[in-house]
Amino acid sequence: MRDTPMHQGLRNKLVQELQNKGITDSKVLKAIAQIPRHLLLESAFEPHAYQDKPFPIAAGQTISQPYTVAFQTQLLEIHPGDKVLEIGTGSGYQAAILHQLGAQVYTIERIKELYLKAKQHLEKLGIRLKYMGYGDGYKGLPLYQPFDKIIVTAAAPYVPDALIEQLKNGGRMVIPVGEKVQEMLLITKDLNGNINETKHGLFRFVPMLKNKD
Ligand code: SAH
């Protein structure tokens, strides 16, 4: 598969759709217009790549809906150079968007098959993340902490303590919390280390799982 003017046209349409749905951050929209989402998926899914829908990748997992990716990214307020931890690499699409915004991206995936595939797909696109790992997101990434931003892209039953600890003072974390449906939480840590939490609507994610497969 290649990236063609047709794909660019579909991406521009998707950006328009996301704007209509309320995404306002022009840098986030620009990144979505730039990342060839269809190249992070199996070729059978190419026709769906620029619809604003989630759909299966492998191992019973899904790639998040572009609206959700844009919404979470917008809440994170990424600045170039930010050190960002992502839990749930999945297809690598969200990680690619963060990278496009100039972040130093560290990402963890608990299903080996997905970790390997995302690595291969991102390499093909010439996208070099700071770190891609196969492991358990509940533990975060103690070796590389603290992070300016943390994004969780699976449904967490609660906010893991390790992630709060690994967030820098002045940092922001976006995490969907809940069982059947999830409340999107923005957790901020002020310069004194005090935690604040705000709610940003309901979403549906695949569950964040405890053990490695
Ligand atoms: N960000 C992804 C969306 C992935 S869906 C994308 O852009 O495509 C959520 C992912 O979280 C799945 O791939 C799932 O395997 C992974 N996941 C679930 N529990 C996890 C855990 N404890 N640690 C790391 N990844 C986990």
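Note on the stretch 109-146: residues that are aromatic (F, W, Y) and within 15 Å of the chain's Cα centre (by Cα) amount to 2.
Do the conditions hold for L186, that is, is it assigned to a strand (DSSP E or B), at pLDDT 95 or above and within 24 Å of F71 (Cβ to Cβ)? Before the answer, list the steps.
Numbers: assigned to a strand (DSSP E or B): yes; at pLDDT 95 or above: yes; within 24 Å of F71 (Cβ to Cβ): yes.
Here the answer is yes, as L186 does meet what is asked.
Every residue, every condition in (1) without any contact (Cβ under 8 Å) to a residue 40 or more places away in the chain; (2) within 18 Å of the chain's Cα centre (by Cα); (3) in a loop (DSSP other than H, G, I, E, B); (4) on the phi < 0 side of the Ramachandran plot, yes or no:
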{"residue": "D148", "(1), (2), (3), (4)": "no, yes, no, yes"}
{"residue": "L163", "(1), (2), (3), (4)": "no, yes, no, yes"}
{"residue": "V174", "(1), (2), (3), (4)": "no, yes, no, yes"}
{"residue": "N192", "(1), (2), (3), (4)": "yes, no, yes, yes"}
{"residue": "E197", "(1), (2), (3), (4)": "yes, no, no, yes"}
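Filtered by the rule that a residue be modelled with pLDDT under 95 and on the phi < 0 side of the Ramachandran plot, the stretch 53-70 gives K53, P54, F55, P56, I57, A58, Q61, T62, I63, S64, Q65.
Can we say K180 is part of a loop (DSSP other than H, G, I, E, B), away from the ligand (no atom under 15 Å from the Cβ) and under 25 Å from K53 (Cα atoms)? Yes: the conditions hold for K180. Evaluated against (1) under 17 Å from the mean Cα position of the chain (by Cα); (2) exposed (fewer than 14 other Cβ atoms within 10 Å of the Cβ), T24 falls short on exactly one condition, (1).
Could you look through the stretch 31-49, keep only residues that are open to solvent by 40 Å² or more (accessible area, probe 1.4 Å) and in contact (Cβ under 8 Å) with a residue 40 or more places away in the chain, and pick out the one that is nearest to Q94 (Cα to Cα)? Filtering first and then ranking leaves Q34.
Where in the stretch 50-139 are there strands (runs of 3 or more DSSP E), lying fully within it, with 3 or more residues that are open to solvent by 30 Å² or more (accessible area, probe 1.4 Å), in contact with a Phe, Trp or Tyr (Cβ under 6 Å, 6 or more places away or on another chain) and within 11 Å of the ligand (Cβ to nearest atom)?
Working: elements: 83-87, 104-109, 131-134.
Once the strands (runs of 3 or more DSSP E) in the stretch 50-139 are filtered for at least 3 residues that are open to solvent by 30 Å² or more (accessible area, probe 1.4 Å), in contact with a Phe, Trp or Tyr (Cβ under 6 Å, 6 or more places away or on another chain) and within 11 Å of the ligand (Cβ to nearest atom), nothing remains.
Taken residue by residue, the stretch 20-36 has no member that is part of a helix (DSSP H, G or I) and acidic (D, E). The single condition among (1) surrounded by fewer than 17 Cβ atoms within 10 Å (Cβ to Cβ); (2) on the phi < 0 side of the Ramachandran plot; (3) not charged (D, E, K, R) that G170 does not meet is (2).
The values are calculated or read from the model by the stated rules, or taken from the named source; none is laboratory data. Source: prediction; values computed, not measured. Don't worry about glycine lacking a Cβ; one is built from the backbone with ideal geometry, like all the others, and counts go over all protein chains shown. When the accessible area is computed, the model is the full protein with side chains, heavy atoms only, and any ligands, DNA or RNA have been set aside. Shrake-Rupley method; radii C 1.70, N 1.55, O 1.52, S 1.80 Å.
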